Protein chains: 2
Amino acid sequence: MEEIYCFAGNPLDRVSQRRQDAAWVASLLENPATRVLPLHGLKPVVRHWSAASLDWQGVGPWRQLIDSGNTLILLGIRGGHAFFALDAGSTEIASDNGSVLMDARAAAPMIDGGEAAILAEARSLIDWHDRHRFCARCGAPSVVASGGWVRHCPECKAHHFPRVDPVVIMLAVRGERCLLGRGHRRPGARFSCLAGFMEPGETPEEAVRREVLEESGIQVGRVRYLASQPWPFPSSLMMGFLGEALTEEITIDPEELAEVRWFDRDEVRAMVERSRSDDPVPGLATLPPPLAIGHQIARRWAFGIDSV
Amino acid sequence: MEEIYCFAGNPLDRVSQRRQDAAWVASLLENPATRVLPLHGLKPVVRHWSAASLDWQGVGPWRQLIDSGNTLILLGIRGGHAFFALDAGSTEIASDNGSVLMDARAAAPMIDGGEAAILAEARSLIDWHDRHRFCARCGAPSVVASGGWVRHCPECKAHHFPRVDPVVIMLAVRGERCLLGRGHRRPGARFSCLAGFMEPGETPEEAVRREVLEESGIQVGRVRYLASQPWPFPSSLMMGFLGEALTEEITIDPEELAEVRWFDRDEVRAMVERSRSDDPVPGLATLPPPLAIGHQIARRWAFGIDSV
C-alpha cells in the first residue's frame, strides 16, 4: 500500500450516493448515536484525557445552531454512527481543564491519524462554504444541499461543488544532490521542496517541470509520482514527485523565493533530525515538520528509500 | 518520459510570473507577432489547408471585442510570439471553404498535439470566466486580472483562481480480467474505466478505492498511478490508475451506472480495435476513442504494457 501521511487515511464511508436524500440526512440528526464536530473559526476542540482526541458531541447542544442554518456537513458514517461537522461560528470559546481550542495544524499530530483525516475533510468543507455563499454565475445567495456537499443557486439553478486544488510538490534531484528552497515569509533557515498550484490544461508532470523552472531556473526531465496528501489550508491536494534535474545552475526569481540551493544527502539527513526537534538551533538549515509531505519526500530520498 | 495523451504537451511558456504585469500584457497586444485564438461559444475555428490547424489571427480584427471587455487570456509565449484566447461570444459564424467551427473534442484529434493542448488551456479558462462572473464570497461582479488568470472582487477584495478539478479514472484488475462500466447516457455498448471526482480530504488512491466500491461493490487494494490527462470539459484533471481488485462479486448502483462487468484481455483488445473504427458494429462492446485516457489505460493493460 502507498504511504499514508497526515490528513490521509479517512476511515469514514462518505455515503456520497445517499447524502442527496435530505430526509435521510435529517433522520440521522434524530439518532442518538450521531456525533457532531463543531468548528469554531475553523478550529476544533481537542480533549486531553488519556489520549488527545477530537471533542465529538451529541446533536442536542447544537440543535439551535443547526436549526438556525449554520453550515452542517455530513462527513460520513462508520459503525452505526453518523458524523457531522458544524460551523459553530468564530466565537472564541473558553478552554477548560482537558479541552483546548486548537488550530487544525497543531491538533493533527496529537490526535489519531483517522481523526486528523476527518478533521481535514471537515475544515476544507466548512471553509469552502464560508467563502462561497454566493453563486459565482449570477451573484445570488446560494443554499447548502446534499448534506453539505453542494451549493445550489435558487435563481439560476447552478450547482457548485467543493474545490479540490491540486498542488505539485517535488524534489528535483541531480546525482547525490537535491534542490530545496526557502521562502520570504518564514524567517530563519527552513528549506522545503519546491511546490506550486496546477493550472488548467497541464498534467502534474508538466506542472512539476514548469514550477521548478520558474522558481529555480533548473530544467527537469523524468518525473516520478510518489504519494499524495490532503492539505486542508484551505483545500489543497499535495501531489508529491521526484524529478530528474538536467541542469545545475540556479537562477531564482527573488520575488518568489529568498533562496534556492543544492543539498547533499548528509545535509538533508541532518535537517530531518533538526526538524523533529522542539528546540532547533537558530541559523542551521531545517525542513518542515514530519506531518508535511515535503518533509517525507526529502527524508525518503536522503535515506535512499525513493529514487527518481 | 511519461505518456503524453491528447490535451497534454502544451509547448507554451505560461509566463505565470510576468502576467500580473498589466502594462506588459497590454504591450503584447501592440506587437504584430501576437496571435489571437477566438472561441465562439467555446468552439475554435479549424483551418483545413494542407493540414488541419487552429485558426490563429492577428489582434487587429478583434481589437473592438477586446476593448469592449470580452474575456481575454494570455495563454503564453513561444518563439517571440504571444498567444491569447478571446471569448468571441456565442454568435454562430459561417464556415467557409477550408475553415470550420468545431467542438474542441472533434477538433483535438485532427490538429497538432501541441495545438490541442493550447486549445484545452484556452477552453478551460474562457469557460471558467463565463461561469464565475460574480464573487462567490460577497456576490458582487468581479473583474478579470493577471492576463486572465485571476478574477478580483473590487468590493470584498477577494481573489479567485481558475478551478482544476481532479478526477480519478481507474482500471480495477483481478488476474486476467478487468472491470469496465457502461453509463445510462450513452446508448449501445460503450464501456469505459470507472471514474469520479475527488473530494476534499482524500488522496487519489483513496478516491480510487471509494469510487470503485461505490460504483461496483468491488474492493480495491494496491493502487498504481499511470499518467494524467487534462480534460477541458470544463476543467478536469484526469489522473489514471490501475487498481488491484480484491473481490469479484459486482453490485451496481443502478442510478449511477447501467452495467459493470469483468472483461478478459482478448475482449478488451477487440474493443480497442472497434473503438478505432469509424463504422462500429451495433451491439458489440467498444471503448471510448483513443484520445481519452480511459481508452489508453484499458489498451495498455490488455496488451500487457502496464500491470498493477
Burial-style ranking of B:126-136, B:154-164, B:251-261, average other-beta-carbon count within 10 Å with highest first, yields B:126-136, B:154-164, B:251-261
Direction-averaged shadow area of the convex hull around the Cα atoms of the range A:57-137, nm²? 7.1 nm²
Could you order the peptides A:15-28, B:226-239, B:109-122 from most to least packed, using the average number of other C-beta atoms within 10 Å per residue? B:226-239, B:109-122, A:15-28
³J(HN,Hα) computed for each position of the range A:177-187 - Karplus, 6.51 cos²θ - 1.76 cosθ + 1.60, integer Hz, glycine/proline x: 10, 10, 9, 10, x, 10, x, 7, 5, 9, x
How many nm separate the modelled label positions at residue B:68 and residue B:251, each set 7 Å beyond the Cα in the direction of the Cβ? 5.8 nm
Nm distances between the label at residue A:140 and the same-position labels in the remaining copies, 7 Å along Cα→Cβ, shortest first? 2.2
Copy-to-copy spacing for residue A:289, label 7 Å out on the Cα-to-C-beta vector, in nm, shortest first? 5.1
If the only charges are +1 at each Lys and Arg Cβ and -1 at each Asp and Glu Cβ, what is the size of the charge dipole of the range A:159-308 around the Cα centre, to the nearest 20 debye? 480 debye
Average partner coverage of A:153-164, which counts Cβ from other chains inside 10 Å: 3
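Could you tell me whether the range B:208-256 comes out rounded, prolate or oblate from its Cα gyration tensor? Rule is a ≥ b ≥ c as square roots of the eigenvalues, rounded for a/c under 1.5, then prolate if a/b exceeds b/c, otherwise oblate.
Cα axes put the range B:208-256 in the oblate bin.
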What is the range B:180-238 by shape, rounded, prolate or oblate, if you read a ≥ b ≥ c off the alpha carbon gyration tensor as root eigenvalues and call it rounded for a/c under 1.5, prolate for a/b larger than b/c, and oblate otherwise? oblate
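Of all alpha-carbon pairs in the protein assembly as shown, indicate the percentage at a distance above 37 angstrom.
Beyond 37 Å sits 39 percent of the P(r) for the protein assembly as shown.
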Chain A: DSSP helices with Cα axial extent of at least 20 Å and average Kyte-Doolittle hydropathy no lower than -0.5: A:113-130
How well do other chains shield peptide A:125-137, expressed as the mean number of their Cβ atoms within 10 Å of each residue Cβ? 4
Give me, ordered by chain and number, the residues 5 or more places off residue A:99 or on other chains with an amide H under 5 Å from its own placed amide H. A:48
Expressed as a whole number, the average count of other chain Cβ atoms within 10 Å around the Cβ atoms of B:12-23 is 2
Charges only on Cβ, +1 for Lys and Arg, -1 for Asp and Glu: so what's the dipole of the range B:61-132 about the Cα centre, in debye to the nearest 20? 160 debye
Lys/Arg +1, Asp/Glu -1 at C-beta; chain A dipole; positive extreme among A:61, A:172, A:76: A:61
Once you treat every alpha carbon in chain B as an equal point and sum by Debye, what is log10 I(q)/I(0) at q = 0.07, 0.09 Å⁻¹? -0.33, -0.54
From the mean inverse distance of alpha carbon pairs (Kirkwood) and the Cα radius of gyration, derive Rg over Rh for the range A:191-306. 0.95
Can you list residues whose amide H is under 5 Å from residue A:226's amide H, if they're 5+ apart or on another chain and H is modeled 1.01 Å from N? A:240, A:241, A:242
Estimated distance in nm for a label pair at residue B:273 and residue B:48, the labels positioned 7 Å out from Cα along Cα-to-Cβ: 2.9 nm
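Rule-based calculations on the coordinates, nothing more; no lab input. What you see is a predicted model, and the numbers here were worked out from it, not measured in a lab. Positions of Cβ are generated from backbone atoms using ideal geometry, with glycine treated the same way; all protein chains shown enter the neighbour counts.
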